[in-house]
Amino acid sequence: MAGDAIDREAWRFLAPQPEHPVHRGRIPSFSVLIAAYQAAATVGEAVESALSQTSAPHEVVVCDDGSTDDIEDALALYRNRIVLLRKENGGGASAMNAAARAASGDFVVVLDADDAYLPCRLEGMAALAAERPDLDILATDVVFEFEGREVGLYNALNPFDARAQRTTILERCFFSWPAVRRQRLLGIGGFDESLRIAYDWDCWIRLLYAGCQAVLLVYSAHRWRMGFHRTPPISISAFLIANSIETKFSTSTASTSRRQTTPPRAPTLAARLTSAPRSMSHAAASTCLRATAQCSAVPL
């Protein structure tokens, strides 16, 4: 598994050039945020991956968004080590906002309830934050898993842009699942709760246009588990990459496994985006729709 053996000597980062001399800063604290809905089967492993970091999180905040499955039992082993919030179902954005408001770390870090961090993710983010304390968004590379196999890296298929971030973010979501300085996130009003999907991308757009900048640790420290069993990812860019990879691997293995290939989900996603609330930024909406229409063109 990429990232299991930690090679800190290989760590490097991509970042915008500083406008003024930057001096090394202190190591900040990190609150891991997990929005969970019907995730009892997977949330325990997600929490375990956050608590098992080489650099311990300040806290792990799980917000149950009105689940009807047995999430209490799934988290019983961790109840004394996490903050568990319960709320009526309101969507992923509202769950993330509730968790961010309850958090107290300098940075809040996104973790989907059916994904996992590799052990050094927070350590790497802490190194980024200390090296570039002028930056507010910290990202790492992400390894894609399909049926237990590594099938690609986020940055290889969707390169990080260190130079023209405000322009590129309108074209594609070139980072995902980052750590964001908590006060900057709250300062823009958090995630847009009127959006059912793509609320992360919309949020990153607003953060960059509010003056934030992003840095990437070129090291895969996050496992994104692809599979049509999971709910649609909040990152449309990740969905498009995953959709192409899944289609490729499903097609190549169907004859030997006798498993029917699941039809691509792009049309359903396009239909959802077409009916998205008007409050979604025009840039994000048009970008999502254009990307969805071009799903088959995502390079592998």
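A simple rule links phi to the HN-Hα coupling: the Karplus curve 6.51 cos²θ - 1.76 cosθ + 1.60 with θ = phi - 60°, which for the stretch 173-184 gives 8, 8, 8, 8, 6, x, 9, 10, 4, 4, 5, 6 Hz, with x for Gly and Pro. Taking Cβ atoms as reference points and 9 Å as the exclusive limit, the residues near Val218 contribute a net charge of 0, counting Lys and Arg as +1 and Asp and Glu as -1.
When Ile34, Ile27, Ile197, Ile188 are arranged by Cβ crowding within 10 Å, least crowded first, meaning fewest neighbours, the order is Ile27, Ile188, Ile197, Ile34.
With θ taken as phi - 60° and the Karplus curve 6.51 cos²θ - 1.76 cosθ + 1.60 applied, the whole-hertz 3J(HN,Hα) list for the stretch 100-114 is 5, 5, 7, 6, 9, x, 5, 10, 10, 10, 7, 9, 5, 5, 10 Hz, x standing for glycine and proline.
Each of His58, His23 has some number of other Cβ atoms within 10 Å of its Cβ, and from fewest to most they run His23, His58.
With neighbour counts taken as other beta-carbon atoms within 10 Å, the residues Asp134, Asp141, Asp65, Asp73 rank, fewest first, as Asp73, Asp134, Asp141, Asp65.
Sites listed here are GluC sites (Glu not before Pro) in the stretch 65-136 whose DSSP assignment is loop and whose Cβ has at most 10 other Cβ atoms within 10 Å: Glu88.
Since every read-out is calculated from the coordinates, none of them should be taken as a lab result. These figures come from a predicted structure and were not determined experimentally. Don't worry about glycine lacking a Cβ; one is built from the backbone with ideal geometry, like all the others, and counts go over all protein chains shown.
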